[in-house]
Amino acid sequence: MNYLVTGCSRGVGLEICRVLLSEGHDVYGIARSHSEEFKLLECDYDGKLFFKSIDLSDCENVRKNVFREFVHNGIQLHGYVNNAAMAYDDIVTNLNLGKLRQMYAVNVFTPMMITKYVLRNMLLHHTQGSIVHISSVSVHTGYKGLAMYASSKGALEAFSKDTAREWGERGVRSNVVVPGFMETQMSSSLTAEQKDRIYKRTSLKAATDVHSVAETVAFLLSEKACSITGQNICVDNGTI
Amino acid sequence: MKNKLLVIINDIRRAKNQPVVDDLHENDNLRSDLGLTSFDLAELTVRVEDEFDIDIFEDGLVNTVGEILKKLEK
């Protein structure tokens with residue numbers, strides 16, 4: 001199977017690529033930076049893993065940058081993992097419109113445009129494909145400073161549900177994985193004390209395991225999940 | 001160009017067990033005359049885009065065969 005994964009250079013995106021490659025799939029990765037870890041993975045999976053450096057805040061040129069110059073119509077896509085995201089943390093009274101717009105370009109507008117062309121690829125090849133968006137526990141449990149970020153992920157969750165309803169009759173599924181806080185670069189700005197407080201809110205009292213998130217994404221992409229669509233799957237150590 | 005469009009439209013109609021049409025006319029309405037739904041039009045769009053590298057839905061709705069041909073002639 002051929003899968004498109006955004007934000008592939010590190011963290012969850014890199015782990016998703018690793019899991020999909022270990023299952024024998026071909027992976028088309030997009031990120032801004034070509035990280036050393038990703039290059040190592042390319043060495044291990046020569047001819048199975050492809051990379052293009054793309055600025056995902058450029059939502060105007062998705063068709064050209066992604067679907068003309070990288071994943072063209074000759075490549076039949078079976079799935080798309082929308083993982084790339086940027087965090088913009090601040091309290092609401094400090095909200096800066098420029099930063100908000102930039103975050104929405106990366107977290108919402110570009111993923112929606114990519115979904116448009118992924119669906120077109122699936123229509124062209126009559127593929128019963130699977131789309132997985134990566135959201136955040138902050139959509140469902142409030143955290144100080146994350147209102148803007150959480151709102152962008154909430155938009156994705158709504159987009160996914162309605163995409164599922166719209167394209168279900170063509171066999172295309174759309175789901176969301178909602179991870180808890182992980183030990184990745186996205187949460188690297190938090191202090192040990194802040195992290196500890198966040199982890200205490202979970203049932204398992206720990207950071208969410210990145211590999212568990214990646215395995216859940218791979219499951220949702222696979223035929224094993226053929227009856228699951230329009231869902232948000234929480235992988236968050238039980239933030240209840 | 002018109003022949004290619006005819007082939008694509010008939011492929012879509014055949015998949016829905018509708019009889020093929022012999023010819024296309026500029027005034028044919030894609031929905032009411034040719035029986036294409038919004039999903040069929042989406043498939044038509046991607047097939048035309050794949051063939052001619054033109055997105056016929058880029059600037060809004062398309063209603064007739066003539067409107068598609070005009071976009072492809074540009």
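Nothing in this text is a laboratory measurement; each read-out follows from the coordinates by a stated rule. Bear in mind the structure is a predicted one, so any value in this text is a computation, not a measurement. Cβ placement follows ideal geometry from the backbone for every residue including glycine, while neighbour counts extend to all protein chains displayed.
Numbers for the structure displayed
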read-out	value
Relative contact order (percent, whole number), chain A, Cα cutoff 8 Å, 6+ residue spacing	20 percent
For chain B, Kirkwood radius (reciprocal of mean inverse C-alpha pair distance, Å)	12.2 Å
Residue order, fewest to most beta carbons within 10 Å, for B:R47, A:R197, B:R13	A:R197, B:R13, B:R47
J(HN,Hα) series, segment A:36-50, from Karplus relation 6.51 cos²θ - 1.76 cosθ + 1.60, nearest Hz, glycine and proline x	4, 4, 5, 4, 4, 5, 4, 5, 5, 10, 4, x, 10, 10, 10
Cβ-placed point charges (K, R +1; D, E -1), dipole of the protein assembly as shown about Cα centre in debye, nearest 20	740 debye
Bins of 10 Å from zero: percent of alpha-carbon pairs in the protein assembly as shown	6, 25, 31, 21, 11, 5, 1, 0
Within the protein assembly as shown, helix-based [θ] at 222 nm, where runs of 4 or more DSSP H residues each add -39,500 (n - 2.57), nearest 500	-12500 deg cm²/dmol
Under Karplus coefficients 6.51, -1.76 and 1.60, residue-wise ³J(HN,Hα) of segment A:143-159 in Hz, glycine/proline x	9, 4, x, 10, 4, 5, 4, 4, 5, 5, 6, x, 4, 5, 4, 5, 4
Inter-part distance where segment A:88-145 and segment B:7-74 are each reduced to a Cα centre, Å	32 Å
Antiparallel DSSP beta bridges within the protein assembly as shown, percent to nearest 5	5 percent
For A:V118, A:V92, A:V139, order by how many other beta-carbon atoms lie within 10 Å, fewest first	A:V92, A:V139, A:V118
Rounded Å value of the spacing that divides the Cα centres of segment A:176-229 and segment A:26-79	24 Å
Debye intensity ratio I(q)/I(0), log10, segment A:58-103, q values 0.21 Å⁻¹ (C-alpha model)	-0.83
Sorted by Cβ density within 10 Å, fewest first, the residues A:K161, A:K99	A:K99, A:K161
Selected from A:N96, A:N175, A:N83 as most flexible by GNM, with chain A as the system and alpha-carbon contacts under 10 Å	A:N96
